[in-house]
Each structure stands twice: as structure tokens, then as C-alpha cells.
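The values are calculated or read from the model by the stated rules, or taken from the named source; none is laboratory data. Being a predicted model, the structure only gives us computed values, none of them experimental. Here the Cβ positions follow ideal geometry from the backbone for every residue, glycine too, while neighbour counts run over all protein chains shown. Side chains are part of the model used for accessible areas, which takes the heavy atoms of the whole protein and leaves out ligands, DNA and RNA. Shrake-Rupley method; radii C 1.70, N 1.55, O 1.52, S 1.80 Å.
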Amino acid sequence: IVLPIAISLLQAIDGRIDPGAKYVFLTMASENLLREIYCYRMRTGDYSPQGLLQIAKDYSEDELVVSRKAAAQTAKEKAKAGVLTADDVLQINLREITSTLLGKDGEGIALTTYDGPLPPKEFTEQGDDGFTFL
């Protein structure tokens with residue numbers, strides 16, 4: 001009688017914590033952040049001149065997804081004024097990724113503060129400062 005109760009308790013705890021799903025969710029967010037950083041540095045996709053024009057057009061026509069609009073009110077104003085930059089778009093996209101991460105699926109995830117050099121030396125090639133365009 002004790003064994004079935006113990007198994008039920010362990011299953012309930014595992015279902016509540018669900019480390020596998022959190023691992024997948026964090027890995028997905030990490031890869032999305034890397035994608036945005038590299039697209040920004042290479043000026044492709046949203047960060048290309050054509051992408052910036054399209055985003056500015058979308059903002060001016062109020063056709064963006066509601067979450068993007070909420071995260072980018074100042075960028076919307078810049079787009080209407082014709083001064084939207086790749087930095088603004090990067091900020092919008094990174095905000096969207098982190099808000100998704102810390103939203104419902106990210107509950108209970110504890111992230112520690114990183115105090116080291118940016119970017120971390122082990123993730124950049126020699127001569128790459130991690131900020132210049134590629």
C-alpha cells in the first residue's frame with residue numbers, strides 16, 4: 001500500500017517540475033537569442049534595409065502582432081517618423097523572446113545574473129569583439 005502512494009507522489013512531483021520540458025524551452029529560447037544576434041550582426045532578415053522598411057510599414061499600418069506592438073511602442077513612433085534602426089528591431093525581438101521565456105511556460109525558472117565580460121570569451125573567435133557586423 002505504501003509503494004503505490006510513493007509512486008503517485010513521485011509522479012506528481014515530476015509532473016510539477018517537468019525538467020525535460022524546461023530544458024527544451026530554455027534551449028529553444030537560447031537558440032532564438034543566438035539567431036537574432038547573428039541576424040543583427042549580419043544585417044539579414046528583419047535587420048536588412050528591406051526588413052527595416054517592411055517593419056516600419058507594418059508599424060505604420062498597425063499590422064503587427066499584439067505582443068510585438070506592446071513591446072515596441074517607442075519603435076512604432078520611430079517607424080512612423082522614418083528613423084527605425086536595426087538596434088530598435090533587435091530590442092523588440094529580444095524583448096519578445098525573453099517575455100515568452102518568462103511567461104507561463106517559464107514559470108519557476110531561476111536565471112542567475114552574469115557578471116563576466118560581454119560577450120563571454122569562450123564564445124567568440126580571436127579578433128571578434130562580438131559586437132561588430134559580420
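Summary table below
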quantity: Test: Gly116 is loosely packed, with under 10 Cβ neighbours inside 10 Å, part of a loop (DSSP other than H, G, I, E, B) and modelled with pLDDT of 85 or more; calculated: yes
quantity: Unmet requirement for Ile92, which otherwise passes all of (1) open to solvent by less than 60 Å² (accessible area, probe 1.4 Å); (2) modelled with pLDDT under 80; calculated: (2)
quantity: Pairs with Cβ under 8 Å, 6+ apart, first in segment 85-102 and free of Cβ contacts under 8 Å to residues at least 40 places away in the same chain, second part of a loop (DSSP other than H, G, I, E, B) and not polar (S, T, N, Q); calculated: Asp88/Ala72; Gln91/Ala72; Ile92/Ala72; Arg95/Ala72; Leu102/Ile109
quantity: Hits in segment 3-48 - residues which are surrounded by 14 or more Cβ atoms within 10 Å (Cβ to Cβ), of a type in the set (A, V, I, L, M, F, W, C) and in contact with a Phe, Trp or Tyr (Cβ under 8 Å, 6 or more places away or on another chain); calculated: Cys39
